[in-house]
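J.: Next up is a structure, given as structure tokens.
Here, each number is a calculation from the coordinates, and none is a lab measurement. This is a predicted model, so every value here is computed, not measured. Virtual Cβ from ideal backbone geometry, glycine too; neighbours counted across all protein chains shown.
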Amino acid sequence: MLFRMNGRLCFIFLLGIACLSLGTVGAVDPPAFDAAKQIDKLVSRYAEYGYINGSVLVAKHGTVIYSRGIGEADIQSHTPNTPRTKFGIASLTKQFAAVLVLQQVAEGKIKLDANLSGYLPWYRKDTGTRITIEQLLHHTAGLPPDFDLPDFSDSEAASRHSEPQEFAEKSCQPALVSDPGTKWNYSNCGYVLLGLVLEQATGESFAQLLQERLLNPLGMKDSGMDRNDLVQHGGATGYKRYAGPRYTLGPYIDRSHIYSAGAMYSTVEDLFRWNQAFSEGGAIPKEIREQVFKPGLNTWAYGWFVSTIPVGTPGEGQIMAEMRGDMPGNYFSWILRYPEQDAVIIVLRNGYGSTERLEENLQAILFGAQPRMPSRNLKDLAALAWWIPEEWFLSHKLPGSFLLGILLALILMGLRRRKTAQRS
């Protein structure tokens, strides 16, 4: 009887060892719930230190494994961010503009090798007859780089209202800085011009085309064009982050002239639907899906940078398609797509000015590597060391005034003693 009992115990013991071994092997490629736990621990640390105000979504094999809003969409009313909060996505708009152009190419209304002047007769002929639609899509039209021009920054010039064609006529007809097709220069103006080409070729506004051809078919109900009224329609307010952290209202930027280059808003959930359209098809035909991710000069494809992950980085050698959207002082967005992993990371922020490599750490977790947990910023600590007593004094005016009076008296006494000692 004793022998048989020991035999059972041995069997249970050996079975336990086997289970532990299997668990160890499985940890190399952590299951979704383990990845979600790691991601939540990471994001919670970023939230604790005030490094992110926005929303995060991570998905793999078509399934969302992590989705969370962090901080506040409106600090004054304490409205929390959620996965359905609408943010300005800035240059992620270019992905949608590119697909709309390729749809019209497939239907014969636009030709990639046609010149710009053929669609926009008002455009200057000496350059418009040399620039093709495909070159505008690929940022190789010879237009000067304009990402840091006042019209696309947080300056006073960016706040002035201009309708798209009015703005393009004034600001998007510069002399070329290179022969079309030879060099790559990031051009917001190029994508403003593409929006106007779409309207000319179809007879519909860019906003209508976007809604009818992409947003409605994909079920992206919380996305659209920001007509300078996103906050009024429940979208997140844009803030600029300062040390502490403290947030101030972001500068007003007129979205009208940014147009098809960067005036869209969306949510992490809707951008997940956008990502899935490239994996599953439906509203976006296979030939367009394949074309979108073919990189040209400077790894730029059609609204995405497509490259391989560098050596020494988690996932090295695998393909990564990414795009960032930057609305200075207001919003920052980043979508990273890993086709070989069938995975995507989407981060939208309304706290501008904090880049502590959250997206890189999320990528590490996706590829089974350990993320680098952030530490507190020295500037934040210094600001807190000043603001905590400052806030105490402001909220306790009577005792604060008394203590301040004592402090000033002590300083004056010290100065008098010092003068007396110098005279003697």
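J.: Within the set of other residues whose C-beta is less than 11 Å from the C-beta of Glu163, count the net charge using Lys and Arg as +1 and Asp and Glu as -1.
T.: -2
J.: Sorting Tyr352, Tyr252, Tyr49 on the 10 Å Cβ count, fewest up front, what's the list?
T.: Result, fewest neighbours first: Tyr252, Tyr49, Tyr352.
J.: Cut-off is 10 Å between beta-carbons; in what order do Thr313, Thr248, Thr132 appear when sorted fewest neighbours first?
T.: Placing the least packed residue first, the sequence is Thr248, Thr313, Thr132.
J.: Shifting gears a bit: Could I have the simple spin-label model distance between Glu212 and Glu360, label points 7 Å from Cα toward Cβ, reported in nm to one decimal?
T.: About 4.5 nm, to one decimal.
J.: Roughly how many Å is it from the Cα centre of segment 224-249 to that of segment 313-342, as a whole number?
T.: Between the Cα centres of segment 224-249 and segment 313-342 lies a distance of 22 Å.
J.: I've got another one for you. How would Trp184, Trp274 line up from fewest to most surrounding beta-carbon atoms within 10 angstrom?
T.: Least to most surrounded, the residues fall as Trp184, Trp274.
J.: State the Cα centre-to-centre distance between segment 153-210 and segment 39-62 in whole Å.
T.: Here the answer is 34 Å between Cα centres.
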